[in-house]
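Nothing in this text is a laboratory measurement; each read-out follows from the coordinates by a stated rule. Fair warning: this is a prediction, and the values are worked out from it, not measured in the lab. Every residue, glycine among them, receives a Cβ derived from its backbone with ideal geometry; neighbour counts consider all protein chains shown.
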Amino acid sequence: MKVVVVIQARMGSSRLPGKILMPLGEQTTLHYVTERCKQIKGVANVIVATSTLEKDNQVEQWCLENQIQCFRGSETNVLQRYMDAVQDIKPDYILRVTADCPFVDYELASELVEKLNDTSIDIIDLQGELPRGLAVEAISYRALQYIAEHAYAERHYEHVTYYAYEYKQEFKRAMYEVSKDHQQPQLRITLDTKEDYEVLLKIASHFKNPLVSSSDIIDFLLKNPHIAQINRDIVQKPVV
């Protein structure tokens, strides 16, 4: 079974331009994401998928300097960017990660890969809400091909797996139950605004370790509610 991680990453952001190469301690946000994805057990490749826009030359350059595989494709049709990024590899499964999640949970991702040993599964649903920014999506290449053939709305092209959640009955699904101590949906451990960045800087400064466990991060925020409340009221942009 072949599993690849595809990290969608671009410099453009309406709320925080250039966020993926902003510093977290001595490293960048993208460094945190890629290093954590490298820790996922059973993964064959980690690919950063960015756009062909000139401003994303910086992303490709960063990948070259850090020996990370980089693919460049459509800015707006992210679904097609994913398909093109893996077309030569043709993996059994893809783990979808976004570059604005520097503390993505690689231990959770490793458990999802283990669950994918049944290669008839199309997608894994998480039972229980994680803090925003920790989750990984696991989807089969077969299912991604199906979505590419049947997608018809902008939301399907921009949000790669959205079709699979809109038409759940068309896919074979498995369930993964998130541990109770990780079910803290009120926490934001993602990078979308300057308030998010302030929280992430405090996490990075406290641990000084890109591979700190998600459990330790959650515990830190629960014990320091004054930090967690900095970005508590940020409203996530809706899918349209």
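The figures follow:
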| read-out | value |
| --- | --- |
| Unit Cα scatterers, Debye sum, segment 148-199: log10 I(q)/I(0) for q = 0.14, 0.15, 0.17, 0.28 Å⁻¹ | -0.66, -0.73, -0.84, -0.99 |
| Antiparallel DSSP beta bridges within the chain, percent to nearest 5 | 25 percent |
| Average Cα contact separation per residue, segment 89-240, under 8 Å, 6 or more apart, as relative contact order % | 28 percent |
| The chain: calculated mean residue ellipticity at 222 nm from DSSP helix runs of at least 4, using -39500 (n - 2.57) | -10000 deg cm²/dmol |
| Fraction of beta bridges assigned by DSSP in segment 39-175 that are antiparallel (%, nearest 5) | 40 percent |
| For segment 158-235, alpha-carbon Rg relative to the globular expectation (2.2 N^0.38 Å, N residues) | 1.37 |
| Sparse-neighbour loop sites [chymotrypsin sites (Phe, Trp or Tyr not before Pro); segment 120-202; at most 12 other C-beta within 10 Å; DSSP] | Y152 |
| Most fluctuating residue given options I47, I227, I189, as computed from a GNM of the chain linking Cα atoms under 10 Å | I227 |
| Descending semi-axes in whole angstrom, ellipsoid equivalent of segment 44-151, from the Cα gyration tensor | 24, 18, 13 |
| Lone cysteines, the chain (no partner Cβ under 4.7 Å) | C37, C101 |
| Exposed-loop-free span, longest in the chain, where trypsin sites (Lys or Arg not before Pro) count as exposed if DSSP calls them loop and at most 16 other C-beta atoms lie within 10 Å | 42-171 |
| For the chain, built as a Gaussian network whose Cα springs stay under 10 Å, the top-fluctuating residue of E65, E111, E35 | E65 |
